Amino acid sequence: MLALLDMRRARVYDFEQMQTRVICIDMATNARSVYREVAELLASGQIAALPTETVYGLAADAFCEEAVARVFEVKERPSFDPLICHLPEAAAVHSIAEVPAELRSLVNKLAELFWPGPMTLVLPRKACVPDIVTSGLPTVACRVTRHEVMRGVARALGHPVAAPSANRFGRISPTSAAAVMEELGGRIPLVVDAGACSEGLESTILQPCLDEKGKPAVRLLREGPVTREKLRGVCRVLKPSRAEASATPTAPGQLSSHYAPVKPVVLCEPREPFSPQPGVRYGLITYQGDSSLATQGEWSQVMALSPGSGRLAEAAVRLFAVMRAMDAQTDVDCIVAEALPETGLGCAMMDRLRRAAAARSTAHESSPSEP
């Protein structure tokens, strides 16, 4: 199956346009009927876009290899990039993962504190999880979202839901149903619209492990809303080694180039002056809107993540929406992103901005007509 996906990845995609239906869900009136309808669709081997508190996900029955293959194909996602399995509750983790005895207490503590919520745990997989979901790895990424829709559908389906972000591979993650339609409209049969996501950044990904002293710890594989500061109150937090970071991904969202607009992105790091190129029209994404960079030079557009207030939580919710809005501006050739404070959620946002800049780093050096 993985070889088949590689062949699909290599060809030029020519998707047959389909009618993409959008269902607006109201938790007080039609939630249960929507859960049943979506579960029936997934059980038939189809896929659908569903909300979480972080971003919208492209959902499939995790135990249906054909449906999961369809997720990879629609997203144009490489087969070596594993998917997250969404579960209805924490106890369900034992249906797809083996929790080592020496890590059980730590896993239980993390689940108690951060599930339901924006945390993904990478654990040894059980044999019931298809290779295509884990990209052939011996581990599986497990998550219990805080969003009732994804949990409700998983409960109605009776299986875990495999769901990466509902966008084309490498592009900006969608935080609204409208953004999903921009990315995948005509490629998928259904989008469940539950409004804008409350967090705006993908989940923190952790791999419970033993440190060099044999004590339980977590390896931080992807920054997210569950910040290092929160985790350090529970256990030691390790970063992947350079060798691990440069190797084939062991969890979703680890590729160095990711989360990118179509237009090139330049990240303006602290103490690194920005030097515009003649003839290039620049748009600036700034933290508060009143920085020295924002008030200097000629910007075609300036968009603030947290206008005036400088709140990281607000900036995190707005990050992908602002990136998408700036990407749509016809008078902008290149996007400049101002560095954010690297504390709390700022670490996760800087992670996404660095990956977006890496995805288009060579494009900034090309002519304005080829951004």
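Here, each number is a calculation from the coordinates, and none is a lab measurement. Bear in mind that the values here come from a model prediction, so they are computed numbers and not experimental data. Ideal geometry is used to build each Cβ from the backbone, glycine not excepted, and the neighbour counts take in all protein chains shown.
Roughly how big is the chain's charge dipole about its Cα centre, with Cβ charges of +1 (Lys, Arg) and -1 (Asp, Glu), in debye to the nearest 20?
It works out to roughly 840 debye.
For the pair THR295 and LEU238, how long in nm is the line joining their label points, each one 7 Å along Cα→Cβ?
Label-label distance for THR295 and LEU238, simple model: 4.7 nm.
Counting chymotrypsin sites (Phe, Trp or Tyr not before Pro) as exposed when in a DSSP loop with at most 15 other beta carbons within 10 Å, what is the longest stretch of the chain free of them?
It runs 81-273.
Find me the longest stretch of the chain that has none of the exposed GluC sites (Glu not before Pro), where exposed means in a DSSP loop (not H, G, I, E or B) with at most 10 other Cβ atoms within 10 Å.
17-211
Among the lysines, select those whose C-alpha is under 23 Å from the C-alpha of LYS109, and discard any that sit fewer than 8 residues away in the same chain.
Qualifying lysines at Cα under 23 Å: LYS126, LYS213, LYS215, LYS230, LYS239.
Over all alpha-carbon pairs of segment 265-365, lay out the pair-distance distribution in 5 Å bins, whole %, shortest bin first.
Spelled out per bin, shortest first, that is 2, 13, 26, 29, 20, 8, 2, 0.
At q = 0.07, 0.12, 0.15 Å⁻¹, what base-10 log of I(q)/I(0) does the Debye formula yield for the chain when every alpha carbon is treated as an equal point scatterer in vacuo?
Once normalised to I(0) and log-transformed, intensities are -0.30, -0.90, -1.37.
Which loop trypsin sites (Lys or Arg not before Pro) in segment 210-282, with loop taken from DSSP, have no more than 11 other Cβ atoms within 10 angstrom of their Cβ? Each step should come with its number before you reach the end.
Working: sites: LYS213, ARG219, ARG222, ARG228, LYS230, ARG232, ARG236, ARG242, ARG271, ARG281; in loops: LYS213, ARG271, ARG281.
Those satisfying the criteria are LYS213, ARG271.
What is the magnitude of the charge dipole of segment 265-365 about its Cα centre, with +1 placed on the Cβ of each Lys and Arg, -1 on the Cβ of each Asp and Glu, and no other charges, expressed in debye to the nearest 20?
With Lys and Arg at +1 and Asp and Glu at -1, about 280 debye.
Pick out, from VAL218, PHE169, LEU206, the residue whose Cα sits farthest towards the positive end of the charge dipole of segment 151-272, with +1 on the Cβ of Lys and Arg and -1 on the Cβ of Asp and Glu.
Final value for the positive-end residue is VAL218.
How high is the FRET efficiency from GLU98 to ARG311, r the C-beta distance, R0 56 Å, rounded to 0.05?
According to the calculation, E is roughly 0.85.
Name the residue from PHE72, LEU184, PRO88 whose Cα lies farthest towards the positive end of the charge dipole of the chain, charges +1 on Cβ of Lys and Arg and -1 on Cβ of Asp and Glu.
Checking the options against the dipole of the chain, the answer is PRO88.
In whole Hz, what ³J(HN,Hα) sequence does segment 269-280 give by Karplus (6.51, -1.76, 1.60; θ = phi - 60°), x for Gly and Pro?
3J(HN,Hα) across segment 269-280, in whole Hz: 6, x, 6, 10, x, 8, 10, x, 9, x, x, 9.
Using alpha-carbon positions, what is the distance between the centroids of segment 290-330 and segment 332-350, in Å?
The two parts, judged by their Cα centres, are 10 Å apart.
Placing unit charges on C-beta atoms (Lys and Arg positive, Asp and Glu negative, everything else neutral), compute the dipole magnitude of segment 80-141 about its Cα centre in debye, rounded to 20.
Values: 4 positive and 6 negative charges, 17 e Å.
With only Lys, Arg, Asp and Glu charged at Cβ, the dipole is about 80 debye.
Considering the dipole of the chain built from charges on the beta carbon (Lys and Arg +1, Asp and Glu -1) around the Cα centre, which of CYS24, ALA325, THR134 is farthest to its positive end?
My answer, from the dipole projection, is THR134.
Relative contact order for the chain using alpha-carbon pairs under 8 Å, separation at least 6, rounded to a whole percent?
After rounding, I find 18 percent.
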